[in-house]
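Data first, discussion second: the structure below is written as structure tokens.
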Amino acid sequence: MPFLRASDRILKEEKFRVENNKEWEEPFFFIQGADTQYGLMYNWGTNGEDGIKYPASNWDQEIELSRLAVKKMNEMRPRPAFFIVCGDLVDAFPDKYPDIRASQVRDLKAEFANLDPEIPMICLCGNHDVGNSPTHQTIAEYRSNFGDDYFYFSFKGVFFIVLNSQFYEDSSNVQDLFQEHETWLAKVLDMEERKQAKHTILFHHIPWFLEEPDEANQYFNIEPEMRMKKLNQFYDAGIRKIFCGHYHRNAG
């Protein structure tokens with residue numbers, strides 16, 4: 001700790017194992033972030049047109065903000081149960097600027113290593129982490145750096161599921177991995193431990209919708225047919241709480 005890696009589709013730390021968290025104990029809180037995206041501010045600028053483009057890159061602004069976030073979290077009493085980042089951990093795409101990305105990942109991990117040991121950091125993937133159209137290679141690289149791209153864990157009677165939402169956006173290059181993801185998800189939703197939990201909470205990167213479930217497709221949501229299929233699946237499973245990133249502002 002504080003940086004946790006899932007393997008075999010679970011977090012194996014004792015604190016988050018399902019068998020240790022079957023009963024609701026008492027209220028707790030966690031911190032959700034998203035799009036830490038080291039390198040974005042320099043390359044995007046103020047409007048996407050006045051930034052300095054790759055291969056030039058700098059992430060001093062993101063480091064400064066990370067240090068502020070770490071300071072604020074470390075000062076919290078009581079401690080948050082965990083800090084989760086819902087994707088786009090760094091900005092450089094893995095298939096375009098791998099060397100720059102490696103440096104961004106190194107610095108991200110170094111900064112958040114300063115979190116109090118009692119505040120574990122949990123990461124999940126976004127489009128900048130596995131590519132807009134993921135490949136076997138980009139997902140393998142993500143897993144090498146951060147652990148599994150989807151998994152589950154529990155804490156004090158609450159069941160948490162982490163998904164790879166890029167499969168819902170474009171799985172054309174990884175149909176086999178997408179099917180594995182969906183088969184796994186169905187099994188997890190059917191787990192008795194999951195059904196007995198007080199709440200089930202989902203985390204992933206791309207929101208299903210921003211304002212209304214039947215809104216038109218756009219860059220910041222999932223296309224309607226897939227959206228409704230999955231929302232119905234989650235609703236039928238009793239899930240009412242989903243946390244996402246990607247939008248770079250508040251919605252919901």
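The values are calculated or read from the model by the stated rules, or taken from the named source; none is laboratory data. Just so we're clear, the structure is a prediction, and the values are computed from it rather than from any experiment. We place every Cβ from the backbone using ideal geometry, glycine too, and count neighbours over all the protein chains shown. Only protein heavy atoms, including side chains, enter the accessible area calculation; ligands, DNA and RNA are left aside. Shrake-Rupley method; radii C 1.70, N 1.55, O 1.52, S 1.80 Å.
Are any of the residues in the range 228-242 more than 26 Å from Glu26 (Cα to Cα) and either in contact (Cβ under 8 Å) with a residue 24 or more places away in the chain or among the hydroxyl-bearing types (Ser, Thr, Tyr) (or both)?
yes
Quick check on the range 139-174: of everything there that is open to solvent by 30 Å² or more (accessible area, probe 1.4 Å) and under 20 Å from Gln233 (Cα atoms), which residue is farthest from the chain's Cα centre (by Cα)?
Filtering first and then ranking leaves Asp170.
Restricting to the range 146-180, count the residues that are farther than 15 Å from Thr135 by Cβ and not acidic (Asp, Glu).
Summing the residues that are farther than 15 Å from Thr135 by Cβ and not acidic (Asp, Glu) in the range 146-180 gives 19.
Only helices (runs of 4 or more DSSP H) wholly contained in the range 131-239 count here; list those with 2 or more residues that are within 19 Å of Ala6 (Cβ to Cβ).
Counting at least 2 such residues, we get 136-146, 166-169, 175-189, 192-196.
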